[in-house]
Each structure stands twice: as C-alpha cells, then as structure tokens.
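Take a look at the structure below.
The values are calculated or read from the model by the stated rules, or taken from the named source; none is laboratory data. Note that the structure is predicted; figures quoted are calculated from it, not measured. For neighbour counting, all protein chains shown are included, and Cβ atoms are generated from backbone atoms with ideal geometry for every residue, glycine included.
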Amino acid sequence: MKFKNVIDDLRQQYENQPLNNQKDAEDMASEAAHKCLQHLNGFPIPMGDVLRSLGFVVWVRNFTNKSISGVMALHANEKFPMAIGVNVNDSHGHQCFTLAHELGHYIFDIQDKGKELITIHYNTSIDNENNLSELRANKFAVYLLMPQNEFCKIIEEAKRRFSNRKTRIEYAALAFDVSITAIQRRLEELKIAV
Ligand SMILES: [Zn+2]
C-alpha cells in the first residue's frame with residue numbers, strides 16, 4: 001500500500017471522530033502513528049521525504065516571528081497547492097518535529113475543501129495542553145518519531161556505548177533526528193533513567 005493511501009484512509013477515518021478529552025487525543029495519536037510506522041522503514045523518519053511523498057513542498061523559511069514553528073498552506077499558491085514551511089531559526093531536530101506535528105494536523109484536523117487554507121503553528125516543541133488538537137498533533141509527532149520500543153532500544157544502546165549522560169542523550173537525538181529537549185521529554189514521559 002502506498003503511504004499516500006495510508007494517510008488518505010486515516011484522514012477519512014478521523015474526519016468525524018469526536019475529540020473530547022486528553023485520552024481521546026492520545027489514543028488517536030497513538031493509533032495513527034502506529035499505522036504510519038507500519039509503512040515506513042527505520043529511523044530516523046525522513047520527515048521531509050515523507051511529506052513530499054504526499055505531494056507537499058517543504059520550505060525552510062525565515063519567519064520574522066520567531067515563535068512560529070511551521071505553516072501549512074493548501075491552495076494558496078497555484079503551482080504549489082500543498083506547502084509546508086518550517087522556521088530556519090529552529091534546530092534541524094525541531095524542524096523535523098514540526099513536520100511530524102503538521103502531518104498530525106493534516107491527518108486529524110485539516111479538511112481539504114479545494115480552497116485556500118493557511119494555518120500557522122507556534123512553538124510546536126512546547127505542549128499547548130489546553131488545546132486538544134494541538135496536544136493530539138504533538139503526541140502524534142512524539143509517537144511517530146520516537147515510538148516506545150525503538151526509543152528504549154536506542155537508549156539501552158546509548159548506555160552501553162557511552163558513559164556520559166549528555167553524550168547518551170545526544171546519541172538518541174541523532175538517532176531520531178529530534179532535539180535534545182524532545183529526548184529529555186520522552187525520557188520523563190516514559191520514566192526512563194539515563
Ligand atoms: Zn499545531
């Protein structure tokens with residue numbers, strides 16, 4: 001099955017699914033990420049390639065507002081009807097996280113009605129826990145980029161290879177192409193000591 005079909009199926013599946021609380025957000029994020037991972041090979045997930053395979057153009061932009069992490073634009077440009085911009089001022093790892101976050105929105109929140117639709121996303125590395133769709137997009141990014149089993153495996157590997165905590169975390173950040181902060185948050189979430 002082509003990855004694009006997987007995403008289209010997910011978009012249909014979640015189109016009218018209610019999102020009432022944090023548990024809904026986490027369950028849907030986990031389920032969708034799991035389905036995506038069945039059709040992707042290995043880590044780190046090449047988020048730029050993944051989005052391009054769906055028809056997006058991916059731009060790295062110098063947004064004057066530094067708190068903008070990403071922008072998704074549908075039908076705003078005739079030549080490029082599906083576009084995602086990430087902020088050049090963010091680290092590479094943060095940009096990858098933003099791309100995964102945007103993919104989450106594309107699956108769950110964005111209905112393509114063939115009309116211009118531009119959405120801006122701020123500070124994707126920080127949880128906006130009071131907004132359930134932002135929480136769902138963030139959780140989706142975490143589960144897609146750093147699924148639990150693979151995460152534990154890489155942390156064990158890092159522990160075997162390096163004695164220094166900082167180096168272990170840097171190793172995991174490289175393995176998943178995410179920021180140091182994202183690794184630290186995932187460690188806390190899974191209650192793993194490193
Ligand atoms: Zn967002």
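Checked against (1) at pLDDT below 95; (2) within 16 Å of the chain's Cα centre (by Cα), N62 meets all criteria but (2).
Within segment 132-182, if we keep just the residues that are among the β-branched types (V, I, T) and out of contact with any Ser or Thr (no Cβ under 8 Å at 6 or more places or on another chain), the residue that is surrounded by the most Cβ atoms within 10 Å (Cβ to Cβ) turns out to be V178.
Close Cβ contacts (under 7 Å, 6 or more residues apart or on different chains) running from residues in segment 51-67 that are within 19 Å of G104 (Cβ to Cβ) to residues that are among the charged types (D, E, K, R) and surrounded by 14 or more Cβ atoms within 10 Å (Cβ to Cβ) comprise V58/R52.
When V50 is tested against (1) more than 15 Å from A141 (Cβ to Cβ); (2) away from the ligand (no atom under 16 Å from the Cβ); (3) β-branched (V, I, T), only condition (1) is not met.
Yes or no, residue by residue, for (1) at pLDDT 90 or above; (2) within 16 Å of the ligand (Cβ to nearest atom):
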| position | (1), (2) |
| --- | --- |
| L54 | yes, no |
| S67 | no, yes |
| N89 | yes, no |
| H94 | yes, yes |
| F97 | yes, yes |
| N128 | no, yes |
